[in-house]
Amino acid sequence: MDVRNQPQPQDQGRDGGAGRDALFDAGDRRTLAEAALRSITASTARVRGDDFLRILVRDLAAALDVRYVIAGRVIALPDGTEGIRTLAVWGGADYLPNMEYGLLHTPCQDVTDQTMCFHGCAIQADYPLDTLLVDMGAESYIGMPMIDTEGKTLGILSAIDTKAIDENKRLLALSLLSIFAARGAAELQHQDRETLLELRVAQRTEALRAAQASLVEQEKMAALGALVAGVAHEVNTPIGVAVTAASGLSGYADRLLAALDGQKVSRAELVELAGRVKAAAGLVEQNLARAAELIGNFKQLAVDQGTEHITELALLDYVQGVVSAHSPELRKAAIQVELRIGADSRVRLAAGKVSQILSNLLMNAAKHAYPDGGPGRVTISASVVAGTDGPWLLLDFADDGIGLAPGIREHVFEPFFTTKRGQGGSGLGMHIVYTIVHQLGGQVAADSTVARGCCIHVRLPLPPA
């Protein structure tokens, strides 16, 4: 029922009709309203969101001396109709559990139509299909919509009692409900904006994560592509020598056959030709073996980087293979690599992850450690230590280059941080190292105590056999 259609106090004739009494009652009502307003404002001043609504319904129930006060949000129900999801319900002595109910055939439906609704008595008779009113033993109802700044009804604020509400309480209730319904609408609108902002932040964050993951994968493929190019160039040299030697070998064989077909052949000539054939065959064998070694190292590295399978590694041989696969870049940068790994050291690890860590550390040294060119030396040390939570592999990667300034060391593992911006540096190499190490449950850090160069400490847990 619209409050504008209700009879005014003087029309109801409940107070005997004395003008001075009406003025006195109006003054009393104003004083009571102001006191209630100050009290509720003070108790809710420093709280927000659902906490604000919980305190509000409790204090409104006390100020209005009613059994129930409900603050609820308008929602869409599964059947397509509108309903209310309560955010705070005061039930006389304590808070009641929140609930959902449909708006159809309820006084709340009138409220959501942005109508101030007042039923001083017989509310169940006015809404006979509202079973919730029956369950509450409701006799009277006052409701106010919570409307946002764009004119949309976000929720309702209603006071329900098990006894009739007289005109004096009606005016007080409408005054308080109208004030705090506006504040409640502001809280709901703030929640909606926060939810929308969180959703947008989550979407942007997920998009950034996807983009970053894509860039990391691209960087891995670019590194592998550079490795392919380097290995291809490196393989060309021994294959070219083998081809040349094979061509010479063919010529020596022709000369040998011609000499044998002749009427006279000297022992010295045969010995010379045999020696040339042997030397050429040795060159072919040696260079093809070198090419096979390079291709084998590259094949192993390429296959490993595509798998997370845990396998047992002869650590020295495996690291040597990774270093050999990068020999073209290392030779170009005039970097020598020294391995300090026990010949009998064997560990169980995800070989692909280890190769990616070493590959990025080697390429980082080749690109950044010697900006003015080598020669340089990289030392890779590894050892297995026992810990309270199982064995760990300690891997130290050190170079004798320019090192890391404090301002750089603090950011070296951050994505997209590079000292060669605009010179081909992506800033992802060391971030890939950091990501892989942490995926394996380990730790990685740049040593701040070294006097020269850069030292990266990697600590990886070793899975049980």
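Applying 1/(1 + (r/R0)^6) with r as the Cβ-Cβ distance of residue 164 and residue 198 and R0 = 41 angstrom yields a FRET efficiency of 0.35.
Pulled fully out, how much extra length does the chain show between residue 439 and residue 46, if you take 0.36 nm times their separation in residues and subtract their Cα-Cα distance?
Details: separation 393, 0.36 × 393 = 141.48 nm, distance 4.33 nm.
Stretched out fully, the residue 439 to residue 46 stretch lengthens by 137.2 nm.
Between residue 338 and residue 81, the contour length at 0.36 nm per residue exceeds the Cα-Cα span by 85.1 nm.
Using the Kirkwood radius over Cα pairs, work out the Stokes-Einstein diffusion coefficient for region 40-180 at 10 °C and 1.306 mPa s, in µm²/s as a whole number. It would help to have the intermediate numbers written out before the result.
Values: Rh = 15.0 Å.
It diffuses with D of about 106 µm²/s by this estimate.
Report the calculated FRET efficiency for residue 451 and residue 311 (r = Cβ-Cβ distance, R0 = 41 Å), to the nearest 0.05.
Working: r = 38 Å, r/R0 = 0.92.
With R0 = 41 Å, the Cβ-Cβ based efficiency is 0.60.
The calculated FRET efficiency for residue 38 paired with residue 213, based on their beta-carbon distance and R0 = 56 Å, is about 0.50. For region 81-153 and region 322-371, what is the centre-to-centre distance using only Cα atoms, to the nearest Å? Centre-to-centre (Cα) distance: 72 Å.
Full extension of the chain between residue 409 and residue 113 gives 100.3 nm of extra length, using 0.36 nm per residue less the Cα-Cα distance.
Each reported figure results from applying straightforward, stated rules to the coordinates on display, with no laboratory input. These numbers come from a predicted model, not from an experiment. FYI the Cβ positions are ideal-geometry reconstructions off the backbone, even for glycines, and counts take in every protein chain you see.
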